[in-house]
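Colleague: Quick one: the structure is below, and I'll ask about it shortly.
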Amino acid sequence: DCQDYCFVAMDVQAKSAHSAMNQSLREFDLLRGVLCLLANPGLEQIITGTEHKPINVVRSGSFHTLHHADGTANDETFWYEPDYVQAKAFRPKEPERLINTVRKVLGKLRKNCYNGRVVDALIKFGRAFDDKNPDVAFINAWSALESLLTSNQADYPTLIKRCTFLYVDKTYEEAVLLQMTEHRNASVHRIADGSFSRLFCFRLQGFLRRTVAFHLHNQSFFKSFEEALQFMAGPSSREDLDRAIARSQRALRFIGRSYS
């Protein structure tokens, strides 16, 4: 039913119809990724009967079309969504506030945030929660989190250390992340209890929101993505930071004497 959908037009320049469609869908999925990360529910009551539907509140229609600059349709390319599930219209409670936040996020992303790494993660997240299979959704969304917290995937201890750096109650968040890593591995090998996958999907959104916010707010401070990761893996308690400051001050005095 088209009444629950709005038409979105993406202006792109490309050498082929296929390239134009890919560029358009990438921009479209980035917009949806940002919207869903901000607006998706954090929890869900199973009694609503939505446990077998995608989590994303903003989803695409069943097909996409390509048009020339004058508005005429390109009949060579129609892009169908193979896993399309009809969705109800999303109506935010504070639309103006949501729109302003989305604009700010997109503006920060346009500043070449770590060579598009955060953009790629948001696109991956948005596409992950389009899937109605909670196991598949969780695995793909977990991959998005990995891409924001590690240089190489499957480095779970480092991922947990960097993610908990962003929280005050590190012990609790560490316990949750440990459960998720175990569930992720079990899901890949098809031995996990699928009933937990959807619950973990909602919890995973919180980690993604916190990590994306950190990168967006601090990208101008770090020279590279690797430097940001190194910072997140550093001292996280007042005692450890005081020790690090003392070591840095000692090193500066040593360097000063070396050049005197």
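The values are calculated or read from the model by the stated rules, or taken from the named source; none is laboratory data. Keep in mind it's a predicted model, so treat the numbers as computed, not measured. Glycine also receives a Cβ, built like all others from the backbone with ideal geometry; neighbour counts cover every protein chain displayed. Just the protein is used for accessible areas: all its heavy atoms, side chains included, with ligands, DNA and RNA removed. Shrake-Rupley method; radii C 1.70, N 1.55, O 1.52, S 1.80 Å.
Colleague: What is the Cα coordinate range of the stretch 49-173 on the first, second and third principal axes, sorted by size from largest, in whole angstrom?
Modeller: Projected onto its principal axes, the Cα set of the stretch 49-173 covers 56, 40, 34 Å.
Colleague: Under 1.5 on a/c is rounded, so check that first for the stretch 50-108, then, if it is not, pick prolate when a/b is larger than b/c and oblate when it is not; a ≥ b ≥ c are the square roots of the alpha carbon gyration tensor eigenvalues.
Modeller: Details: a/c = 2.74, a/b = 1.28, b/c = 2.14.
The shape class here is oblate.
Colleague: With a ≥ b ≥ c the root eigenvalues of the C-alpha gyration tensor of the stretch 168-251, is it rounded (a/c under 1.5), prolate (a/b larger than b/c) or oblate?
Modeller: On the way: a/c = 2.77, a/b = 2.04, b/c = 1.35.
Verdict is prolate for the stretch 168-251.
Colleague: In degrees between 0 and 90, to the nearest 10, how far off the longest principal axis of the chain does helix 197-218 point, with axes built from Cα atoms?
Modeller: That helix lies at roughly 60 degrees to the long axis.
Colleague: Determine the share of the chain's accessible area contributed by carbon and sulfur atoms, expressed in whole percent, with a 1.4 angstrom probe. Write down the numbers at each step before the final one.
Modeller: On the way: 8630 of 16320 Å².
In the chain, the share of accessible area belonging to carbon and sulfur is 53 percent.
Colleague: Using a 1.4 Å probe, what is the accessible area per residue for the stretch 123-260, in Å²?
Modeller: Working: 7890 Å² over 138 residues.
Each residue of the stretch 123-260 exposes 57 Å² on average to a 1.4 Å probe.
Colleague: Which trypsin sites (Lys or Arg not before Pro) in the stretch 1-32 pass both tests, a DSSP loop state and at most 13 other beta-carbon atoms within 10 Å? Intermediate results must be reported in sequence, preceding the final value.
Modeller: On the way: sites: Lys15, Arg26, Arg32; in loops: Lys15.
Those satisfying the criteria are Lys15.
Colleague: Could you tell me how many cubic angstrom of Cα convex hull volume the stretch 214-260 has per residue? Could the numbers behind the result be given before it?
Modeller: Numbers: hull volume 4.6 nm³, N = 47.
Given the Cα convex hull of the stretch 214-260, per-residue volume reads 98 Å³.
Colleague: Along the Cα→Cβ direction, 7 angstrom out, place labels at Ile255 and Thr72. What is the inter-label distance in nm?
Modeller: Roughly 6.5 nm, to one decimal.
Colleague: Among Val118, Leu43, Ala14, whose Cα projects farthest towards the positive end of the dipole of the chain, with charges put on the beta-carbon of Lys, Arg (+1) and Asp, Glu (-1)?
Modeller: Val118
Colleague: Another one. Taking the 0 to 90 degree range and rounding to the nearest ten, how far is the long axis of helix 134-149 tilted relative to the main principal axis of the chain, both from C-alpha atoms?
Modeller: With both axes taken from Cα atoms, the answer is about 40 degrees.
Colleague: Which loop trypsin sites (Lys or Arg not before Pro) in the stretch 49-139, with loop taken from DSSP, have no more than 10 other Cβ atoms within 10 angstrom of their Cβ?
Modeller: Details: sites: Arg59, Lys88, Lys93, Arg97, Arg103, Lys104, Lys108, Arg110, Lys111, Arg117, Lys124, Arg127, Lys132; in loops: Arg59, Lys88, Lys93, Arg110, Lys111, Lys132.
Filter output for the stretch 49-139: Lys88, Lys93, Arg110, Lys111.
Colleague: Which ³J(HN,Hα) values in Hz, rounded to whole numbers, follow from the phi angles of the stretch 23-33 under the Karplus curve 6.51 cos²θ - 1.76 cosθ + 1.60, where θ = phi - 60° and Gly and Pro get x?
Modeller: 4, 5, 5, 5, 5, 5, 6, 5, 4, 5, x
Colleague: Using a 1.4 Å probe, what is the accessible area per residue for the stretch 3-113, in Å²? It would help to have the intermediate numbers written out before the result.
Modeller: Working: 7880 Å² over 111 residues.
Averaged over the residues of the stretch 3-113, the accessible area is 71 Å².
Colleague: To the nearest 20 debye, what charge dipole does the stretch 102-260 have about its Cα centre, counting +1 at the Cβ of each Lys and Arg and -1 at the Cβ of each Asp and Glu? Write down the numbers at each step before the final one.
Modeller: Working: 25 positive and 16 negative charges, 159 e Å.
Charge dipole, the stretch 102-260, about its Cα centre: 760 debye, nearest 20.
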